[in-house]
Structures are given as C-alpha cells and as structure tokens.
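Since the structure comes first, as structure tokens, the remarks are kept for the end.
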Amino acid sequence: MATVITEFDPVSIKNPMIKFKGDTAAQEFGAIGKIDGETELLEIVLKKEGIEVKRKATPQKMTLKLSAHVKIDPLRKVFGLSSTNLKPGVYAYGSDSKGQEFTLTADVIDEFEDVTKLIAFPNCVSSTGLLLSVENGADEVAELELEFTAMVDDNNKCYYEAIVDELDDPTVASKWKSDFNYDLVKLATP
C-alpha cells in the first residue's frame, strides 16, 4: 500500500449504484441526500454468582436509513412491484409482492482533502413496505425515506469500505460500483 490516509471527513455521498441478486449489471440508484447506518449487535454475557464478569458483542446486521430520490426501476424492484398478468405499463403492489435482494454501493467524498471512500452493503433487503409521499404546493420535491437491512454476506460481513488512494489493485476501484462482491476484494491465496 503506497498511500495511507490518516484523516477522512465525509462531506457528501455520490454515485449510488444498486445490483439486484441474479442481475449481471448494476444500475443507477438515484440520488441519496442522507444515509445513516446502525449496527445491531448480539451480546453474550457471562455471570458468576449473579455478577456480570464478561461481555462480548458481535455485529449481526445493519439498519440503513436513507433519504433519497430513487429511479423508478430500482424502486419497483426493491419493493417488489410487478406487472405480471397486467396490461403493459401497469405495475401493482400487494400481499404477493416480494422485494428483491440487492447490493448497494456509493462514493463518500471528503471534499476538503479531495479523497473518495468507496462503500458497499453486499446483502440488502427493504425492511419497510412501499412508501408514498406527495405534497401539493410544495416548493421542493420530497426525498423518499427508505429503510434497508444490510445482512452479512458469505464472508460474514455486512459493510465494506476502501479509500481509493490506498488501493494497490486498480481493478477494485473500477469494478466496485458495477460489480461488487466478495471475490473482488478478497486476498488471492497463492
């Protein structure tokens, strides 16, 4: 590793991409105004004679809350809107709707130092139902409030990050958003 970044101040999130399970290519997600992630931990406690003496916590999954303007196709796939048995151009949502699993990636930018961090959530699903919000007379188009669950992947990880300037392999940065998967980032064994 030639460069080591010691300070990173996240200012903006750009270029979000989404790749649905089974698809060969990622697609544009839309524009994210804000993203918050919170990890859910599994805690194991050891008590001796009724007194806690040890505690261990391990990450299980993350809850992601996004405010975003989302493109139509990914939004339909996230929530499972379908055109099955409907006339062309008609989509429906109901008790048989099943949202698709997906990988979400984006660039987080430190505009002070002109540094980019790549982020990826490799195994996501929507954790809420379809949300609608339209306000007549509003002077700004409202962002959708979305909530996703980022579960662990085959590598037992729910989040990956890489600062572009620290990467030795240029393939990682070039394929991160279009085709993120564990094979892209794992260390090759001799």
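For this structure, a couple of remarks:
- Among the residues making up the range 146-164, those that are of a type outside the set (V, I, T), open to solvent by less than 60 Å² (accessible area, probe 1.4 Å) and either on the phi > 0 side of the Ramachandran plot or not in a strand (DSSP E or B) (or both) are D153, N155, C158.
- Condition check for G94: in a loop (DSSP other than H, G, I, E, B) and surrounded by fewer than 19 Cβ atoms within 10 Å (Cβ to Cβ): yes
- Residues (of a type in the set (V, I, T) and either touching a Gly at 6+ places or on another chain (Cβ under 6 Å) or at pLDDT 95 or above (or both)) located in the range 2-26: V11, I13, I18
- All positions within the range 168-190 that are in contact with a Ser or Thr (Cβ under 9 Å, 6 or more places away or on another chain) and in a loop (DSSP other than H, G, I, E, B): F180, N181
- Residue match in the range 68-82 (condition: aliphatic (A, V, I, L, M), in contact with a His (Cβ under 9 Å, 6 or more places away or on another chain) and crowded, with 19+ Cβ neighbours inside 10 Å): no
- Residues that are of a type outside the set (D, E, K, R) and open to solvent by 100 Å² or more (accessible area, probe 1.4 Å), drawn from the range 5-16: T6
- Of all residue pairs spaced 6 or more apart or on separate chains, those with beta-carbon atoms under 7 Å, a first member in the range 74-90 that is farther than 18 Å from F29 by Cα and a second member that is part of a loop (DSSP other than H, G, I, E, B) and open to solvent by 70 Å² or more (accessible area, probe 1.4 Å) are S82/Y91; S83/Y91.
- Cross-chain or 6+ apart pairs with Cβ under 6 Å, the range 22-38 first and touching a residue at least 12 places away in the same chain (Cβ under 8 Å), then surrounded by 11 or more Cβ atoms within 10 Å (Cβ to Cβ) and hydroxyl-bearing (S, T, Y): A26/S178; G33/S67; K34/S67; E38/T63
- The range 108-145, residues that are crowded, with 16+ Cβ neighbours inside 10 Å, among the β-branched types (V, I, T) and either under 18 Å from the mean Cα position of the chain (by Cα) or outside any strand (DSSP E or B) (or both): V108, I109, T116, I119
- K19 being closer than 22 Å to S133 by Cα, of a type outside the set (D, E) and either open to solvent by less than 50 Å² (accessible area, probe 1.4 Å) or touching a residue at least 12 places away in the same chain (Cβ under 8 Å) (or both): no
- Answer residue from the range 33-64, given it is under 20 Å from M151 (Cα atoms) and among the hydrophobic types (A, V, I, L, M, F, W, C) and is least open to solvent (accessible area, probe 1.4 Å) among those: L64
Listed here are the residues, each with its yes/no results for (1) farther than 26 Å from D179 by Cβ; (2) among the aliphatic types (A, V, I, L, M); (3) part of a strand (DSSP E or B).
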site	(1), (2), (3)
A31	no, yes, yes
K56	yes, no, yes
P59	no, no, yes
S67	yes, no, yes
K77	no, no, no
T84	yes, no, no
Q100	no, no, no
A106	no, yes, yes
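- Residue count for the range 165-184, restricted to those that are open to solvent by 50 Å² or more (accessible area, probe 1.4 Å) and β-branched (V, I, T): 1.
The values are calculated or read from the model by the stated rules, or taken from the named source; none is laboratory data. Because the structure is a prediction, the values reported are computed rather than measured. Don't worry about glycine lacking a Cβ; one is built from the backbone with ideal geometry, like all the others, and counts go over all protein chains shown. Accessible surface areas use protein heavy atoms only, side chains included; no ligands, DNA or RNA. Shrake-Rupley method; radii C 1.70, N 1.55, O 1.52, S 1.80 Å.
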